[in-house]
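Report on the structure given below.
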Amino acid sequence: MIRFIGSFFGAIFTAVTLGLLFGALSVGAIFWMYSADLPSHESLAQYTPPTISRIYSGEGKIIDEFAQERRLFVPIEDMPDLVKHAFVSAEDKHFYTHKGYDVTGMVAAFRDAVVSRGANMRGASTITQQVMKNFLLDGSRSIERKVKEIILASRLEETLSKDKILELYLNEIFLGQNSYGVAAAAQTYFNKSLDQLTPAEAATLASMPKAPSDYHPVTAKKKLTERRNYVLNEMFQNGYIDEATYIENRDAPLLSVQNGDYPSFRKALPPRDYFTDEIRRQLSGTFGENEFFSGGLSIRATEDPQLQKIA
């Protein structure tokens, strides 16, 4: 009888071991198959994103700007910790410890999907994976794309530092209102530079990457406020802000340019006229239209806005 029981459990152990071995080999084969012909991630080390071209008056004041994607590039060393902490808390709280993908997050997302019977389908992509998707892959929802995303993310982590990956992410993401990157978004929604943002405002921006149109400060103010407060709580739980700061910002009203709480930065710019449009026409012919609208040109013009107005 004892021999029979031993043989029975031995057979189960062998079956489980073979099953795990077969599963590991299958997963390895899938990753090997999809690792061929992937785009090169090394080019991201020299990546320069499209940025705004600006025209300044003779006095050095901005009188116009042109851009296909409105982006103000900010090096990671000039990015306030508050902004970095808000986005890490909202999107990838294990960013500084994982190797490009977060197994714990994947398991938690799968568990929530099963428990809710598909009602709670949250993403489990890390910031590194999102960089890969935004720069080198399409946005399709497929197993193949997800596997490629994980492979590329793990390779990128071996090539670039965490700070450089975060720099790419924070300057590239679309945050609505033709605002690409956190600096342009801070100006669009709050008419502030990054170092002027409150924790509540940084958390508001960190609430938007997945679906900016679903978290509009006017049409979805309640939903955005709830998401902002969730991000603030994550910042508190992760030790980035203290409890008093969390409570103060959680209870603060959601203020924005769109709700009329702050003046729009565009109001400080004079109306576009033939003068700056002629500069656009001439420089587009000299440098090419793509370079003019995305090259981050800084153009010093001769116009004096006050004299121009009188004339």
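The values are calculated or read from the model by the stated rules, or taken from the named source; none is laboratory data. What you see is a predicted model; the values in this text were computed from it and never measured. Glycine gets a Cβ as well: all are built from the backbone with ideal geometry, and neighbour counts include every protein chain shown. Each accessible area value is taken on the protein alone, full model and side chains, heavy atoms only, with ligands, DNA and RNA left out. Shrake-Rupley method; radii C 1.70, N 1.55, O 1.52, S 1.80 Å.
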Notebook entry, point to check: With all protein chains present and a 1.4 Å probe, how do Lys223, Lys267 order by accessible area, largest first?
Noted result: Lys267, Lys223
Notebook entry, point to check: Accessible area of Tyr262, 1.4 Å probe, to the nearest 10 Å²?
Noted result: 50
Check: Could you state the number of Å between the C-alpha centres of the stretch 157-190 and the stretch 197-216?
Finding: 12
Note to self: From the protein chains alone at 1.4 Å, what is the descending order of accessible area for Phe265, Phe95, largest first?
What the structure shows: Phe265, Phe95
Notebook entry, point to check: Non-local amide H neighbours of Gly295 (under 5 Å, H modeled in plane, Pro and chain starts lacking H): which ones?
Noted result: Thr51
Next item on the list: Name the residues whose placed amide hydrogens come within less than 5 Å of the amide hydrogen of Phe174, ignoring near sequence neighbours (fewer than 5 apart) on the same chain.
Entry: Gly181
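With respect to the cross-link table entries Lys93/Lys133; Lys61/Lys210; Lys84/Lys148; Lys99/Lys192; Lys223/Lys267; Lys164/Lys223, which display a Cα-Cα separation exceeding 30 Å?
Lys61/Lys210; Lys99/Lys192; Lys164/Lys223, as the Cα separations exceed 30 Å there.
With all protein chains present, how much of the accessible area of the stretch 161-311 (probe radius 1.4 Å) comes from carbon and sulfur, to the nearest whole percent? Could the numbers behind the result be given before it?
Values: 3870 of 7850 Å².
Looking at the stretch 161-311 in its full context, I get 49 percent from C and S.
Report the local net charge at Arg280: Lys and Arg +1, Asp and Glu -1, summed over other residues whose C-beta lies under 10 Å from its C-beta.
-2
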Margin query: Please compute the per residue accessible area over the stretch 194-250 with all protein chains in place, 1.4 Å probe, rounded to a whole number of Å².
Written below: 49
Next item on the list: Tabulate in residue order the Karplus-calculated ³J(HN,Hα) for the stretch 89-96, using 6.51 cos²θ - 1.76 cosθ + 1.60 with θ = phi - 60°, rounded to whole Hz; enter x for Gly and Pro.
Entry: 5, 7, 10, 6, 5, 9, 3, 7
Next item on the list: Run the quick spin-label model on Asn238 and Ala252: label points 7 Å from Cα toward the beta carbon, then report their separation in nm to one decimal.
Entry: 1.8
Checklist line | Length gained when the stretch Asp261-Lys210 is fully extended (0.36 nm per residue, less Cα-Cα span) | finding: 15.9 nm
